[in-house]
Amino acid sequence: MNAEQPQPLHNYQQLVTSLYQQTDYDFVGVALQAPVSPHLTRWLWVAGNQNERFRQIVLRRGIGIAGLVLRTGTPFWHNDILALDLSDRLYSPIARAEDLHSCVAVPINNGPFGTVNGVLLAGFRDEERQVNEQDATKLSQSLI
Amino acid sequence: MLETANWIQSFFDLSSDATFIFQADQLVVANQAGQELVNAFDLDLSYLQELAQTAISQQQSKADGCYDCEIINQLPELTIPVDLPPEHTHPLRYTMVYRILSPTHQVYALELKSQAPLDRANQVAQQRMLNQYVNRAYEDERKRISQDLHDSIAQGVYSAIMGVRRLNGEQMDNEERQRVSAMIESQLDDTLREVKEMALDIRPSVLDSFGLLAAIRALAKRLTENSGVIINVIGRADTSDLSTDVQNVLYRITQEAINNALKHANPSEITVILVAHAHYISLEVIDNGTGFDYQANRGFNGHSLGLMNMSERVKSLNGSFMIDSAPDQGTTVTVKFPVIKHTNEQSNGE
């Protein structure tokens, strides 16, 4: 772990691995904002990834499902995320890179004063699988 | 009645279509346009009659395998394409219509309509649609910039202001103060990044200061970060000699081609190749996405206006624009511009 990466209060790798093993999500990932300038938010810990493209992604606040969670601090989910266009605000590069049809993302509130400094995201590749509010709640609880 | 006949006569004379009326294959009357046509091309009317006769006998023959007879029989009159003058390298295209006026008296008319005005009208219509497209794209871009300014930048600055107020207003110990200032810094960093991205979107300053290749590399890096698709840039070109217009167009084509690929083709990798040759510079944007049937999409269906716009931009600077694509085979966009190489002797003026 280098200086640019945030020191996790959780062991996030363990969290994503156990989530991946205990649920039937096809992909689980955690993106955290770096504590030092330029404060980029990247996907740092994942499980179930198909490739290494997630490493290239830099999250933008307010853009994509994870970006919206970062900005608003509330969970978001979407069941046909791949149908969205690049110009759509919800277009999510992580869904594109990992072929996720449905995603649910919840905030990680470990920033100063409990502000949002990261996102926990999980998703299905299978078109049949849907996500809903309950999945978001369960995902949030796994962070406690 | 007589007056009406006069009007009809002058309409016949002034009509833009050349009209000839024959009785028993002898010319009875030709209007002004017809006479001019005969004079201009030194036209032998029996040639036109022969064409008409051939078309009639073709239509009447009951030969097998005439798959388009159904269509021909549906036409209200016999329509024959004619190029004038015949056997010329650059003929004008006409449509000849054969119309029987009186079968008993063997009177028929041949009407030649020039297709040039129609073609020109089509071109104008196409130009208008292209203009409309460009204007709409322009308006959309402004809308997006305004939205970004409002959503990302204004909000980021606002949060930072709230943080600064908190720093001043509350009694807090050193550690707490540090945390607040770290939070403000991170918010401002986000905002700064958004501002830089927007500036890059509107007009890359890298293009002016560090040249085309650096600008394309910056673009590729940013789009990779935003899309999760790996974009490679291979460049072997000194672009400092290129005119600003050509550089701008090459940059915009790269941007649009990559955006198109990301939007429609779902690729996993995109490669941009910029290479300078002896007398031209070539740009290729290759993706491994779904591809599309270019021939089926090149018509006037509203979706291809982006492609047409790219093509027009390149053509206006004497370049060539090509798209090679097939379903499931990815897409390659190729742009070439002629370049005059300034050798050392020339630039020294010797």
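The values are calculated or read from the model by the stated rules, or taken from the named source; none is laboratory data. In this text, all values refer to a predicted model and were calculated from it rather than measured experimentally. Positions of Cβ are generated from backbone atoms using ideal geometry, with glycine treated the same way; all protein chains shown enter the neighbour counts. Protein only, heavy atoms only, side chains kept; ligands, DNA and RNA dropped before computing areas. Shrake-Rupley method; radii C 1.70, N 1.55, O 1.52, S 1.80 Å.
Numbers below:
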item	result
Close pairs from segment A:71-95: first facing chain B (nearest Cβ under 10 Å), partner β-branched (Val, Ile, Thr) and open to solvent by less than 60 Å² (accessible area, probe 1.4 Å), Cβ under 7 Å, at least 6 apart	A:89/A:63; A:92/A:65; A:92/A:81; A:93/A:57; A:94/A:57; A:95/A:81
Scan of segment B:175-192 for residues that are facing another protein chain (nearest Cβ under 7 Å), closer than 18 Å to residue A:68 by Cα and not charged (D, E, K, R), ordered by number	B:186
Selection count where residues are within 12 Å of chain A (Cβ to nearest Cβ) and touching a helix residue (DSSP H, G or I) at 6+ places or on another chain (Cβ under 6 Å), scope segment B:149-165	5
Total residues in segment B:11-22, condition touching a residue at least 24 places away in the same chain (Cβ under 8 Å) and either in contact with a Leu (Cβ under 9 Å, 6 or more places away or on another chain) or among the charged types (D, E, K, R) (or both)	6
Helices (runs of 4 or more DSSP H) enclosed by segment B:26-138 - at least 2 residues per element that are modelled with pLDDT of 80 or more	B:32-41, B:45-60
Scope segment A:44-55; condition in a loop (DSSP other than H, G, I, E, B) and open to solvent by 30 Å² or more (accessible area, probe 1.4 Å); matching residues	A:49, A:50, A:51, A:52
Count - residues of segment B:176-222 that are in contact (Cβ under 8 Å) with a residue 24 or more places away in the chain and open to solvent by less than 60 Å² (accessible area, probe 1.4 Å)	18
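Residue-by-condition table, conditions (1) among the polar types (S, T, N, Q); (2) under 27 Å from the mean Cα position of the chain (by Cα):
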{"residue": "B:194", "(1), (2)": "no, no"}
{"residue": "B:197", "(1), (2)": "no, no"}
{"residue": "B:202", "(1), (2)": "no, yes"}
{"residue": "B:216", "(1), (2)": "no, yes"}
{"residue": "B:228", "(1), (2)": "no, no"}
{"residue": "B:233", "(1), (2)": "no, yes"}
{"residue": "B:248", "(1), (2)": "yes, yes"}
{"residue": "B:264", "(1), (2)": "no, yes"}
